[in-house]
Amino acid sequence: MKAHDGRTLAVDERGEPDGSPVFLLHGTPGSRLGPFPRASVLYRLGIKLISYDRPGYGLSDRRRGRTVADAAADVEAIADALRIDSFAVIGRSGGAPHALACAGLLPERTTRAAALVPLAPREAEGLDWFNGMTPSNVSEYKAAESGHAAMTELLSPAVERIRADPTRLVPAFDEDLPENDRHVMADFGIRSMLADNFAEALRNSAAGWIDDALAFSTPWGFEPADISVPTFLWHGDEDVFSPVDHCRWLGEQIPGARVVIQEGAAHFGALRVMPDVLSWLSAA
């Protein structure tokens with residue numbers, strides 16, 4: 001499909017063809033390939049799940065200098081092409097801020113929004129942004145503060161290794177991983193899905209990953225406090241990739257947001273709660 005400015009956007013549709021439309025905004029790095037619930041779950045919920053590669057990932061054209069807010073225009077372009085008037089949005093991890101962008105900037109078309117294990121804006125007042133974050137993520141976002149060249153130098157060599165073996169990016173047995181995440185990653189199906197997802201995301205370059213990190217480290221282009229559609233926030237209190245205080249901060253900013261902090265859960269616990277959240281989204 002084409003964005004409003006002519007860029008190519010790679011789009012995937014799954015589930016019930018005539019079901020309630022829900023856009024899934026993938027993580028960082030990530031692609032239109034998921035991870036998401038099995039087709040049988042989507043059919044049972046009556047959901048048409050739409051995902052796409054953010055610019056620079058997979059088969060979507062890059063958009064240098066993109067902001068988090070720019071995702072809303074791409075989602076709108078896809079909805080227009082599919083003749084969908086209104087839809088719900090869900091984003092996990094790096095996709096969560098982009099889902100919130102749709103809620104904030106497309107209130108007349110977004111029925112409900114969900115953000116699972118979200119990051120808060122880099123300039124979030126009163127939030128110690130790096131507190132509780134794993135060193136690898138701290139290094140990544142510190143490099144992003146220095147700009148595009150620093151991010152390219154950091155990620156490009158790693159991406160070449162990951163493209164040769166995508167399982168390198170699947171944190172299946174990392175001893176620093178919270179116990180709950182190790183339990184989730186023990187599922188071979190989840191590990192396989194993540195590996196396929198990463199392989200597709202990085203099939204051409206590190207561009208999407210670089211541009212995501214830069215977008216998270218600069219102003220988003222909208223204010224969470226301006227979100228007016230029903231919004232659900234979920235986080236595990238042991239998350240070391242996007243610490244739980246980010247979710248708490250967003251919950252204080254977004255009017256009427258429903259916030260669930262699950263004790264003992266961590267980052268990849270979001271994969272297990274996704275079917276329940278999709279059910280809430282489709283109820284609109």
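Worth a mention:
- Only residues that are surrounded by fewer than 23 Cβ atoms within 10 Å (Cβ to Cβ) and either among the small types (Gly, Ala, Ser) or over 18 Å from the mean Cα position of the chain (by Cα) (or both) were counted across segment 17-33, and they come to 4.
Each row is one residue, and each column tells you yes or no for (1) outside any helix (DSSP H, G or I); (2) touching an Asp or Glu at 6+ places or on another chain (Cβ under 8 Å); (3) open to solvent by 10 Å² or more (accessible area, probe 1.4 Å); (4) under 14 Å from residue 226 (Cα atoms).
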| site | (1), (2), (3), (4) |
| --- | --- |
| 78 | no, no, no, no |
| 83 | yes, no, yes, no |
| 89 | yes, no, no, no |
| 98 | no, no, no, no |
| 104 | no, yes, yes, yes |
| 107 | yes, no, yes, yes |
| 113 | yes, no, no, yes |
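- Of all residues in segment 239-252 being over 14 Å from residue 179 (Cα atoms) and buried (at least 24 other Cβ atoms within 10 Å of the Cβ), the one that is nearest to the chain's Cα centre (by Cα): 242
- Matching residues, segment 1-16, being acidic (Asp, Glu), open to solvent by 50 Å² or more (accessible area, probe 1.4 Å) and closer than 25 Å to residue 284 by Cβ: 13, 16
- Scope segment 45-65; condition in contact with a helix residue (DSSP H, G or I) (Cβ under 9 Å, 6 or more places away or on another chain) and open to solvent by 50 Å² or more (accessible area, probe 1.4 Å); matching residues: 59, 62, 63, 64, 65
- Restricting attention to segment 193-232, the residues being under 26 Å from residue 277 (Cα atoms), hydroxyl-bearing (Ser, Thr, Tyr) and part of a loop (DSSP other than H, G, I, E, B) number 1.
- Residues (more than 26 Å from residue 263 (Cβ to Cβ) and in contact with a strand residue (DSSP E or B) (Cβ under 8 Å, 6 or more places away or on another chain)) located in segment 228-238: 229
- Exactly one residue among 277, 159, 184 is among the aliphatic types (A, V, I, L, M), in contact with a Ser or Thr (Cβ under 9 Å, 6 or more places away or on another chain) and open to solvent by less than 60 Å² (accessible area, probe 1.4 Å), and that residue is 159.
- Listed by first and then second residue, the pairs with beta-carbon distance under 8 Å, at least 6 apart or on different chains, first residue in segment 126-137 and under 15 Å from residue 178 (Cα atoms), second surrounded by fewer than 18 Cβ atoms within 10 Å (Cβ to Cβ) and not aliphatic (A, V, I, L, M), are 134/176.
- Any pair with Cβ under 6 angstrom, 6 or more apart, that starts in segment 218-246 at a residue that is over 12 Å from residue 121 (Cα atoms) and ends at one that is aliphatic (A, V, I, L, M) and at pLDDT below 95: none
- Set 171, 135, 178: member being of a type outside the set (Lys, Arg), open to solvent by 90 Å² or more (accessible area, probe 1.4 Å) and within 18 Å of residue 242 (Cβ to Cβ): 135
- When segment 253-265 is filtered for residues that are open to solvent by 60 Å² or more (accessible area, probe 1.4 Å) and over 22 Å from residue 281 (Cβ atoms), only 263 remains.
- For residue 197, the criteria (1) touching a strand residue (DSSP E or B) at 6+ places or on another chain (Cβ under 6 Å); (2) among the polar types (S, T, N, Q); (3) modelled with pLDDT under 90 hold in every case but one, which is (3).
- Hits in segment 187-197 - residues which are open to solvent by 20 Å² or more (accessible area, probe 1.4 Å) and either touching a helix residue (DSSP H, G or I) at 6+ places or on another chain (Cβ under 8 Å) or more than 18 Å from residue 58 (Cβ to Cβ) (or both): 187, 188, 189, 190, 191, 196
- Filter result for residue 94 (touching a residue at least 40 places away in the same chain (Cβ under 8 Å), out of contact with any His (no Cβ under 6 Å at 6 or more places or on another chain), crowded, with 21+ Cβ neighbours inside 10 Å and part of a loop (DSSP other than H, G, I, E, B)): no
The values are calculated or read from the model by the stated rules, or taken from the named source; none is laboratory data. The structure displayed is predicted, hence computed values, not measured ones. Cβ sites come from the backbone with ideal geometry, for glycine too, and all protein chains shown count toward neighbours. Quick note on the areas: whole protein, heavy atoms, side chains included, nothing else; ligands and nucleic acids left out. Shrake-Rupley method; radii C 1.70, N 1.55, O 1.52, S 1.80 Å.
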